[in-house]
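The values are calculated or read from the model by the stated rules, or taken from the named source; none is laboratory data. Just so we're clear, the structure is a prediction, and the values are computed from it rather than from any experiment. Note that each Cβ is placed from the backbone with ideal geometry, even for glycine, and that neighbours are counted across all protein chains shown. SASA here: full protein model, heavy atoms, side chains in, ligands and nucleic acids out. Shrake-Rupley method; radii C 1.70, N 1.55, O 1.52, S 1.80 Å.
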Amino acid sequence: MNKDREDYPLVSVIINCYNGERYLREAINSVYAQTYPNWEIIFVDNASVDQTAVIANSYDNRLKYFRNPLTIKLGESRNIACKYAEGEFLAFLDCDDVWMPNKLELQIPLFLENSSVGIVISNAGYIKQRDIQEGRVAILPQQALKSMYTFNDILSDYFITLSSAIIRADSLHALDHWFDATLNITEEADLFLRLAVDWKMTLVNQVLCYYRLHDNNTHKTYEVIPFPDEIHYIFLKLDSLYPEYSEEYESHKTKWLNMGHQAVLHFYWKEGNIRSAYKSLFQIKPLTFKAYARQLLWLFLIPFKGGGFHLYFMLASLMGKNGPPLF
């Protein structure tokens, strides 16, 4: 790239952090390593008590540091970061994830080529602690066949990893609200679905970021328990805001609710709470023969608690199961 930095559209990189000192420098360094020259980091510290502030403030003025006086919900903190952003495009990076150096360089041109594009994502890989999980990606080949994705595409098969996503600032500002601060686990999906009603999504089918797997991922903690209720709430919102899509909502709602109940089932199962695991299991409404077979397998394995849980995931691994870390 031979042009001056100012000749490129400004990208605001949104990083929200709460006690993220362990992987934070690796995340920030991956932004500073970008081959795309014109970016700023909007860093919002959610009242951390570790070394987060020290690490963030060790960088130059391309990182703009803000601190919440008290710890607030992540969606609300992300909204604060978005308000400070001055870029034509907003990119998101969780403080424990990392980007590849050419991420912005490959994604930003897709916005410039088509004014109807409001979201550009990429494929994502996975890191467990600091080890790359070879061969495991967020977007499978059969999911990456289209050049453009519509609202209905995203509703029927959701595969967006936040740290891969960049949005057009105009698309965000056109909404009546941004991240829904009443949500704890689905605020990202809620935002991207509402964006997709009026804007197209496209993708770079290369691994341009890595999602880090660790014990504090939301889907592995008690915070996953309200997942099905939040999904129900999202669909009520969509039905109210965009009633013309009501048929699509109804046809996909069961699939999304099954996803939520499965996540809760896995949490209770791993914790050894057999009664609650079975309660979640019986909330699932299988839509395919494969789903029925999986449910029967769970029915048999759940009583074995942790041993059954690990056996299931070992079998899934042997069968080549891929995709997002939720399941």
Q.
Pick from S171, S240, S12 the residue whose mean-square fluctuation is largest in a GNM of the chain, springs joining Cα atoms under 10 Å.
A. S240
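What shape does the stretch 37-84 take by its C-alpha gyration tensor, where a ≥ b ≥ c are the square roots of the eigenvalues and a/c under 1.5 counts as rounded, a/b above b/c as prolate, and the rest as oblate? Mind showing how you got there, number by number?
Values: a/c = 2.91, a/b = 1.22, b/c = 2.38.
Here the stretch 37-84 falls in the oblate category.
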Q: State the extension gain, in nm to one decimal, for the chain segment bounded by Y32 and E250, taking 0.36 nm per residue of separation less the distance between their alpha-carbons.
A: 74.1 nm
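Among 19-29, 146-156, how do they line up by average Cβ neighbours within 10 Å per residue, starting with the highest?
Numbers: 19-29: 18.6, 146-156: 16.0.
For the peptides 19-29, 146-156, the packing ranking is 19-29, 146-156.
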Q) For the chain, can you list the cysteines whose C-beta has no other cysteine C-beta under 4.7 Å from it? A) C82, C209
**Q.** Solvent exposure of the chain as accessible area per residue, Å², 1.4 Å probe
**A.** 47 Å²
Q | Magnitude of the charge dipole, the stretch 141-194, Cβ model with Lys/Arg +1 and Asp/Glu -1, debye to 20 | A | 220 debye
Q: With +1 on each Lys and Arg Cβ and -1 on each Asp and Glu Cβ, and nothing else charged, work out how big the dipole of the chain is about its Cα centre, in Debye to the nearest 20.
A: 1260 debye
Q) Could you name the aspartates and glutamates in cross-link range of K255, using Cα to Cα under 16 Å and dropping any fewer than eight places away on the same chain? A) D153, D157, D190, D229, E230, E247
**Q.** Of all accessible heavy-atom area on the chain, the percent that carbon and sulfur account for (1.4 Å)
**A.** 53 percent
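Step by step: find N for the chain, compute 2.2 N^0.38 Å, then divide the Cα radius of gyration by it. What's the final number?
Working: Rg = 19.9 Å, N = 327, 2.2 N^0.38 = 19.9 Å.
Ratio of Cα Rg to 2.2 N^0.38 Å: 1.00.
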Q) Which FRET efficiency, nearest 0.05, do Q133 and K83 yield, Cβ-Cβ r, R0 30 Å? A) 0.30
Q) Among A181, A196, A165, whose mean-square fluctuation peaks in a Gaussian network model of the chain (Cα, cutoff 10 Å)? A) A181
**Q.** Of L63, L110, L241, the one that fluctuates the most in a GNM where the chain has Cα springs shorter than 10 Å
**A.** L241
Q. How large is the dipole of the stretch 197-260 about the Cα centre if only Lys and Arg carry +1 and Asp and Glu carry -1, each at its Cβ, rounded to the nearest 20 debye?
A. 340 debye
Q) In degrees between 0 and 90, to the nearest 10, how far off the longest principal axis of the chain does helix 289-301 point, with axes built from Cα atoms? A) 70 degrees
Q) Can you give the extra length, in nm with one decimal, that the chain gains between D229 and M148 once fully stretched, where that is 0.36 nm per residue apart less the Cα-Cα distance? A) 26.1 nm
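Assuming a ≥ b ≥ c are the square roots of the Cα gyration tensor eigenvalues, decide whether the stretch 21-159 counts as rounded (a/c under 1.5), prolate (otherwise, with a/b larger than b/c) or oblate. Walk me through the numbers on the way to the answer.
Values: a/c = 1.68, a/b = 1.47, b/c = 1.15.
Since a/c reaches 1.5 and a/b is larger than b/c, the shape of the stretch 21-159 is classed as prolate.
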Q) Nearest 10 degrees, 0 to 90: what angle lies between the long axis of helix 246-271 and the longest principal axis of the chain (Cα atoms)? A) 80 degrees
Q) From the cross-link list K279/K305; K128/K270; K253/K285; K253/K279; K3/K83; K146/K200, which pairs have alpha carbons spaced over 21 Å apart? A) K3/K83
